[in-house]
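To start, the structure under review is shown below, and the notes come after it.
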Protein chains: 2
Amino acid sequence: MVIKVRMADMFQPKFDAGGLLAAVVSHAETGALLMVAHMNAEAIAKTRATGRAHFWSRSRQALWLKGETSGHFLKVQQILVDCDQDCLWLKALPDGPACHTGAASCFFRLLTPEGLEPL
Amino acid sequence: MVIKVRMADMFQPKFDAGGLLAAVVSHAETGALLMVAHMNAEAIAKTRATGRAHFWSRSRQALWLKGETSGHFLKVQQILVDCDQDCLWLKALPDGPACHTGAASCFFRLLTPEGLEPL
């Protein structure tokens, strides 16, 4: 007798040479893309444990709890993983503007043949 | 007399040490995230010139016209640029599955406390 147990696929994130992968954050309700940042293993673990998005700041070379200083946390509703596990898609509810410029989304300019135009 | 001319902001993409930036592709109509890949200056230029998404394949180390072999081109409707110009958001209409696995989107699994579950 063979007992089959349905196992979830293993989560084995594929990090780059710097130990990072890209994380794309969209608004869980509107679907708008909010920001793209990077995560290391610790940032992923803390995000999963707390439900607040954590990243790795490449400029500061430090773990970064988004909203730690601004109060604009990203409350993570779902995390999706891509086919080769080198990218995460976080669906989140933002407590405020996601962009450090104060814009709701980091993607506030359109690329046209002439250059960048505000949306 | 000072004549003020409204100039579009300059597009000055900020590439990483490898000459790449991340490009996030979502479905122009449904808003679903389809895939995340990388672009170099040539991929950006060809995408703008042709309206078909081009990337840089890190595994093949070659310019990659998405759909070149599968026929599943990504028809780019809009390109948005993030605050620090190191990421592009392409809104596109896909001619077929965006994922090499045949899935409509590369993001077809949910990360749960147990592991990966199909959506």
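What are the ³J(HN,Hα) values, in whole Hz, obtained from phi via the Karplus relation 6.51 cos²θ - 1.76 cosθ + 1.60 with θ = phi - 60°, for each residue of segment B:76-89 in sequence order, with x given for Gly and Pro?
7, 9, 8, 10, 10, 10, 7, 3, 9, 6, 10, 8, 10, 10
In units of 2.2 N^0.38 Å, what is the alpha-carbon radius of gyration of the protein assembly as shown? Present the calculation step by step, with values, prior to reporting the outcome.
Working: Rg = 18.4 Å, N = 238, 2.2 N^0.38 = 17.6 Å.
For the protein assembly as shown, the normalised Cα radius of gyration comes out at 1.05.
Cα centroids of segment B:16-68 and segment A:62-103: how far apart, whole angstrom?
23
What is the residue of chain A with the smallest Cβ distance to the axis taking A onto B, and what is that distance in whole Å?
A:31, 2
Quick query: amide H of residue B:78 versus all other amide H atoms, modeled in the peptide plane; which residues come in under 5 Å with a sequence gap of 5 or more or a different chain?
B:91
Considering all projection directions equally, how large on average is the shadow of the alpha-carbon convex hull of segment B:14-119, in square nanometres? Don't skip to the answer; put the middle values down first.
Numbers: hull surface 30.6 nm².
Hull-based average projected area comes out at 7.7 nm².
List, in order, the whole-Hz ³J(HN,Hα) value for each residue of segment B:19-28 obtained from phi through the Karplus relation with A = 6.51, B = -1.76, C = 1.60 and θ = phi - 60°; use x for Gly and Pro.
Calculated HN-Hα couplings, in order: x, 10, 9, 7, 10, 9, 10, 10, 6, 5 Hz.
Name the residues whose placed amide hydrogens come within less than 5 Å of the amide hydrogen of residue B:105, ignoring near sequence neighbours (fewer than 5 apart) on the same chain.
HN-HN under 5 Å from residue B:105: B:98, B:99.
What does the structure give for B:102-108 when I average, per residue, the other chain Cβ atoms found within 10 Å of the residue Cβ? Kindly include the intermediate steps, with their values, before the conclusion.
Values: counts 0, 2, 0, 4, 8, 9, 4.
Mean number of neighbouring Cβ atoms from other chains: 4.
If R₀ is 30 angstrom, what is the calculated FRET efficiency for the pair residue A:95 and residue A:14, using the beta carbon separation as r and rounding to 0.05? Walk me through the intermediate numbers first.
On the way: r = 30 Å, r/R0 = 1.01.
That gives a FRET efficiency of 0.50.
Counting partner chain Cβ atoms within 10 Å of every residue's Cβ in A:19-29, what's the average? Walk me through the numbers before you get to the answer.
Values: counts 0, 0, 1, 6, 1, 8, 0, 5, 1, 0, 0.
For peptide A:19-29, the averaged partner shielding equals 2.
Each residue of segment A:33-48 in order: what ³J(HN,Hα) in whole Hz does its phi give by Karplus 6.51 cos²θ - 1.76 cosθ + 1.60, θ = phi - 60°, with x for Gly and Pro?
My calculation for segment A:33-48 gives 6, 9, 6, 10, 9, 10, 10, 9, 4, 5, 4, 5, 4, 5, 5, 5 Hz in order.
To the nearest 500 deg cm²/dmol, what mean residue ellipticity at 222 nm is calculated for chain B from DSSP H runs of n ≥ 4 alone, each contributing -39,500 (n - 2.57), summed and divided by the residues?
Values: 1 runs with 10 residues, N = 119.
So the calculated ellipticity at 222 nm is -2500 deg cm²/dmol.
Would you mind checking which residues have amide H under 5 Å from residue A:86's amide H? H placed 1.01 Å from N; only 5 or more apart, or other chain.
Correct list: A:14.
Is there a quick way to get the dipole size of the protein assembly as shown? I mean about its Cα centre, with the Cβ of Lys and Arg at +1 and of Asp and Glu at -1; what is the value in debye to the nearest 20? Mind dumping the intermediate values first?
Details: 24 positive and 22 negative charges, 1 e Å.
Computed charge dipole of the protein assembly as shown: roughly 0 debye.
Say a label goes 7 Å from Cα toward Cβ at residue B:61 in every copy; what distances in nm does this one have to the rest, shortest first?
Taking the point 7 Å beyond Cα along Cα→Cβ, the inter-copy spacings are 2.8 nm.
All of the numbers you see were taken from the coordinates with simple rules; none came from a lab. The structure presented is a predicted model; accordingly, all values stated were derived computationally and were not measured. Please note: Cβ atoms are built from the backbone with ideal geometry, for glycine as well, and neighbour counts cover all protein chains shown.
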